[in-house]
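For reference, the structure discussed in these notes is given below.
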Amino acid sequence: MSSIKEYFSSVGKGIKSLVQGMEVTGKEFVTPKITEQYPENRATLEIPERFRAELTLKYDAEGRHKCIACGICQMNCPNGTIKLETKMVDLPDGKKKRKLDKYLYDLGSCTFCMLCVTTCPQDALEFSNDFEQATFTREALVKQLNYRPEPADPTPAPKPEAGA
């Protein structure tokens with residue numbers, strides 16, 4: 001007798017589970033569908049503001065980037081996506097200063113964790129919304145972010161001579 005109760009109980013549970021599954025499917029069947037007409041709708045495409053696509057350097061109005069080549073972004077990158085190459089330059093006052101030579105970024109290995117952006121002391125980095133980064137080779141995903149020619153530093157005015 002108990003095996004008949006167990007049988008009908010399991011059949012009832014199975015029917016209940018089937019009805020729940022059909023309910024979910026039915027709701028999805030009647031909800032309106034939204035189809036993106038990409039790439040035809042590029043002009044009207046709305047990309048969320050917080051979307052992270054590609055790392056970029058921030059430039060000011062004069063064409064100078066804010067990066068001081070401190071290397072904090074390179075140290076904080078969990079998988080070595082960022083490589084900084086620096087050079088030493090002589091300043092007019094005789095001091096030496098480290099300057100950014102190349103800022104290399106491997107988009108193919110980036111995890112988009114944003115640690116580089118949040119830890120940059122100069123606020124020199126940001127993620128763009130340009131998501132169209134498809135290439136045929138992995139080498140094309142390695143980008144130099146400071147590709148713009150750096151404007152020349154202004155030379156300081158000569159100091160007046162002591163006897164004049």
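Checking each residue in the range 59-103 for being in a loop (DSSP other than H, G, I, E, B) and β-branched (Val, Ile, Thr) picks out 68, 81.
Looking at the range 21-58, which of its residues are touching a strand residue (DSSP E or B) at 6+ places or on another chain (Cβ under 7 Å) and either part of a strand (DSSP E or B) or of a type in the set (Gly, Ala, Ser) (or both)? If you could, list the steps in order and put the result at the bottom.
Our first condition is that a residue be touching a strand residue (DSSP E or B) at 6+ places or on another chain (Cβ under 7 Å); within the range 21-58, this holds for 52-58.
Within the range 21-58, 53, 54, 55, 56, 57 meet the criteria.
Can we say residue 143 is touching a Phe, Trp or Tyr at 6+ places or on another chain (Cβ under 9 Å) and either of a type in the set (A, V, I, L, M) or modelled with pLDDT of 90 or more (or both)? Yes, satisfied. Quick one: in the range 53-91, which of the residues that are in contact (Cβ under 8 Å) with a residue 24 or more places away in the chain, out of contact with any Ser or Thr (no Cβ under 6 Å at 6 or more places or on another chain) and surrounded by fewer than 16 Cβ atoms within 10 Å (Cβ to Cβ) is farthest from residue 117 (Cα to Cα)? This residue is 62.
The values are calculated or read from the model by the stated rules, or taken from the named source; none is laboratory data. Fair warning: this is a prediction, and the values are worked out from it, not measured in the lab. In this analysis, Cβ positions are derived from the backbone assuming ideal geometry, glycine residues included, and neighbour counts consider all displayed protein chains.
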